[in-house]
Every structure is written in C-alpha cells, then in structure tokens.
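Worksheet: one structure, shown below.
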Amino acid sequence: PVRHLIASRAPVMDEAAIAERPYRDYLQAPLQPLADNLEANTYETFERDPVKYARYEEAVKKFLGDRTSAVVVVAGAGRGPLVAAVLRAASDRCNVKVHAVEKNANAIVTLRHRAATEDAWRGRVEVHQSDMRRWAPPCPIDCVVSELLGSFGDNELSPECLEPVERWTSVSIPQNYESFLQPISCARLWFD
C-alpha cells in the first residue's frame, strides 16, 4: 500500500510549471495591446519568464561590449523587466541612459515609481507615456530593445509598431524574429 501511494503521487512541479498550468490545453484569445491596456496579471505572467529576460540581458551586454556610454530605448516597457535587464547588463561598467516608452497608463505608474525609488533606476531611466509609433526621441539613440513578439499566432502588430522605431537606430534587440504556423489538433477543441 505505501509503495502504491509513493508511485501514484503527482510529480513535483517547479515554479514555471505552476505558472503555466492555467494556460495548458486552453485556447486563448490573442492579446490586443494596441486597442486595450494589459492588466496587471498579464504582466505578471510575462514577468515569470526568467529565461527570456536573462537572454535579453545577454544580448544587451554583447551590444554594449566595451562602450563606456549608451542611450537605449525600451519600446513597450510594460512594468520594467526589460529596463531592469538593460540596467543589469550595463552594471557599473557602462553609463547607460534608458528611455522607457509605454502607452499603458497603469504600467506608467509602476515605471515612474521604480524610476523614483529604485537606486539602479534613479537618474538613469526616463519614463515616457506615449505610443511608440508617435514618440520622438529627445537625443540620438544607440539601441532599441523591445519584446513585442506576441504569443503564438499573434505578433501584437509588432511590425507596424516597430517600423517607425527603426529610423532611430540601426541596432535593435532582437534584430529579427520569425513567425510561423504549425497545424495542431487538440481534443479539447472538439469537446469544450
């Protein structure tokens, strides 16, 4: 009997698996961040992906290289995880100025609070409440960082949003990405 209990126990799930559980086997409507402001729980879901932000940080470190200063725009800054990744990448070796551009008024509150209260942000991050397609940078930009890649099958109008941004600089993180569609089948689609 004890052997049966041990063998039938559910596997221990790590934090990522717990965060993903509500989205498994569930058909989701695509986000519409241009039309709607994202809610806090949506940002929380995005921010639970430590690998993504570590990869962005690595990419920014490679861009910064031996530079002693740089001006970086985070286009679609959300609540600031990309801003934080840029600041960590620069650390103390590079004087980086970050322009955090975000249209969502709710996220702006968080960005402004972080810029005013977090030591790493203070004096280094300027928050701009604006649609990135209409924002004009106040100075020459060295690099644009954005995560407007969207979820599966939805690019959040990324090409339309980032096209105007491309004129600010020739360096963008990510430099490119590819969307594709793969046919799938799921029993839940037929039985729900």
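The values are calculated or read from the model by the stated rules, or taken from the named source; none is laboratory data. Since we're looking at a predicted model, the values are computed, not measured. Don't worry about glycine lacking a Cβ; one is built from the backbone with ideal geometry, like all the others, and counts go over all protein chains shown. The protein model used for the area step is the full one, side chains on, heavy atoms only, and it has no ligands, DNA or RNA in it. Shrake-Rupley method; radii C 1.70, N 1.55, O 1.52, S 1.80 Å.
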How much of the accessible area of the range 68-148, in percent, comes from carbon and sulfur atoms when a 1.4 Å probe is used?
49
What list of ³J(HN,Hα) values in whole Hz, one per residue of the range 90-100 in order, does the Karplus curve 6.51 cos²θ - 1.76 cosθ + 1.60 (θ = phi - 60°) give from phi, with Gly and Pro shown as x?
6, 6, 9, 7, 9, 7, 10, 10, 10, 9, 9
For Lys97, counting only lysines whose alpha-carbon sits under 21 Å away and dropping same-chain residues fewer than eight positions off, the answer is Lys61, Lys62
Distance (nanometres) between label positions extended 7 Å along Cα→Cβ at Ala17 and Arg55:
2.2
